[in-house]
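Colleague: This is the structure, below, for whatever I ask next.
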Amino acid sequence: MSSRLLPLVAVILTAACSPGEAPASAAPLEPPPPGFQTAIFAGGCFWTEEKAFDGLPGVRSAVSGFVGGTSPHPTYERVVRGGTGYREAVLVTFDPAVVSYRTLVDRFWRTIDPTDATGQVCDQGPSYVTAVYATEAQTATAQASRAAAQTALGAKGSGFTTPVYPAMRFWPADPQHQDFARRHPARYEAYRIGCGRSARLRALWGGAAVG
């Protein structure tokens, strides 16, 4: 391999939503505490979505995982190979007395490129396709937020493809995927910059972009 290609290869390797670690068992999810609710967002690489919601006032937790498939106990390795129907997603547990579901959905749109129907920037494939998974009580709010986001994009929103689907069971990812940006800040930054996701979000959303 030419020495001139090595930096490019390094960037490509960092620009992938994979921890490069051995898999471990994921712990089952506990139900939300009394008074708390949950929201599910599939936004491409779940590291980015987790970081976008973790620490937000009113958010108790943001957990990386999978949604959309039917086979039980999905693993990262099986999901990224394709054919499972699962997408990378984040489960946000929040206090509606502090932050509304509408606020969370409004924020979600600004963490993604909703005009990319095949993934998110460098993360391409079925497991990286975006969607909102809303409960029956959340659906009208999610649809209204979607319409407002498309309007906010103006002409840039003509290819707005991210749908709102009925909520499905969420499975947490393996422990090495949880809190990745906080535990491995240098590796996460290498991924973020190498992927070019932040630049794409700024081009779409300007100063309202998140991530």
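Colleague: Just check the stretch 129-185 against the gyration tensor rule for me: Cα atoms, a ≥ b ≥ c as the square roots of the eigenvalues, rounded for a/c under 1.5, and otherwise prolate or oblate depending on whether a/b exceeds b/c. Walk me through the numbers before you get to the answer.
Modeller: On the way: a/c = 2.92, a/b = 1.53, b/c = 1.90.
Oblate, because a/c is 1.5 or more while a/b does not exceed b/c.
Colleague: Let me know the charge dipole size of the chain about its Cα centre in debye, to the nearest 20, where only the beta-carbon of Lys, Arg (+1) and Asp, Glu (-1) is charged.
Modeller: Dipole of the chain, to the nearest 20 debye: 480 debye.
Colleague: A follow-up question, please. Report D for the stretch 105-206 in µm² per second (integer): Stokes-Einstein, Kirkwood Rh on Cα pairs, 4 °C, 1.567 mPa s.
Modeller: Numbers: Rh = 15.0 Å.
Rounded, D is 86 µm²/s.
Colleague: Turning to a different aspect of this structure: Rolling a 1.4 Å sphere over the protein heavy atoms, what is the accessible area per residue of the chain, to the nearest Å²? List each step's numbers first, then the result.
Modeller: Numbers: 9950 Å² over 211 residues.
Result: 47 Å² of accessible area for each residue.
Colleague: Using mean Cβ contacts within 10 Å as the protection proxy, how do 143-156, 73-86 order, highest first? Show your work: numbers first, answer last.
Modeller: Working: 143-156: 14.9, 73-86: 16.5.
Result, highest mean first: 73-86, 143-156.
Colleague: Once fully extended, how much extra length lies between ARG102 and ALA137, figured as 0.36 nm per residue of separation less the alpha-carbon to alpha-carbon distance?
Modeller: Details: separation 35, 0.36 × 35 = 12.60 nm, distance 1.18 nm.
Extra length available between ARG102 and ALA137 comes to 11.4 nm.
Colleague: While we're looking at this one, here's another question. If r is the Cβ-Cβ distance from THR151 to ARG183 and R0 is 25 Å, what FRET efficiency results, to the nearest 0.05? Working shown, then result.
Modeller: On the way: r = 38 Å, r/R0 = 1.51.
The formula returns an efficiency of 0.10 here.
Colleague: What whole-number distance in Å separates the alpha-carbon centres of the stretch 95-116 and the stretch 159-211?
Modeller: Cα centroid to Cα centroid, the span is 13 Å.
Colleague: Something else now. Over the chain, what percent of the accessible surface lies on carbon and sulfur atoms, probe 1.4 Å?
Modeller: On the way: 5860 of 9950 Å².
It is 59 percent, rounded to a whole number.
Colleague: Now a separate question. Let me know the charge dipole size of the stretch 95-211 about its Cα centre in debye, to the nearest 20, where only the beta-carbon of Lys, Arg (+1) and Asp, Glu (-1) is charged.
Modeller: On the way: 13 positive and 9 negative charges, 59 e Å.
About 280 debye.
Colleague: Considering the options PRO33, GLY207, TYR133, tell which one lies farthest towards the positive end of the dipole of the chain, charges being +1 on Lys and Arg and -1 on Asp and Glu at the Cβ, about the Cα centre.
Modeller: Farthest towards the positive pole: GLY207.
Colleague: Across all directions of projection, what mean area in square nanometres is found for the Cα convex hull of the chain? Don't skip to the end; give the middle numbers.
Modeller: Values: hull surface 50.2 nm².
Its Cα hull, projected and averaged over all orientations, spans 12.6 nm².
Colleague: Can you pull the one-decimal nm distance between simple spin-label points at ILE193 and TYR165, each 7 Å off the Cα toward Cβ?
Modeller: 3.4 nm
Colleague: Next question. Only helical DSSP H runs with n ≥ 4 go in: add -39500 (n - 2.57) per run for the chain, normalise by residue count and round the 222 nm mean residue ellipticity to 500 deg cm²/dmol. Walk me through the numbers before you get to the answer.
Modeller: Working: 8 runs with 74 residues, N = 211.
That calculation yields -10000 deg cm²/dmol at 222 nm.
Colleague: Moving to a separate point now. Work out the charge dipole of the chain with +1 on the Cβ of Lys and Arg and -1 on the Cβ of Asp and Glu about the Cα centre, then indicate which of GLY69, GLY85, CYS122 is farthest towards its positive end.
Modeller: Positive-most Cα among the choices belongs to CYS122.
Colleague: Provide the packing ranking of 100-113, 173-186, i.e. peptides ordered by the mean count of other C-beta atoms within 10 Å per residue, highest first. Don't skip to the answer; put the middle values down first.
Modeller: On the way: 100-113: 21.4, 173-186: 16.7.
Top of the packing list down: 100-113, 173-186.
The values are calculated or read from the model by the stated rules, or taken from the named source; none is laboratory data. Since the model is a prediction, treat every value here as computed from it, not as a measurement. Every residue, glycine among them, receives a Cβ derived from its backbone with ideal geometry; neighbour counts consider all protein chains shown. In case anyone asks, the SASA skips ligands and DNA or RNA and just uses the protein heavy atoms, side chains included. Shrake-Rupley method; radii C 1.70, N 1.55, O 1.52, S 1.80 Å.
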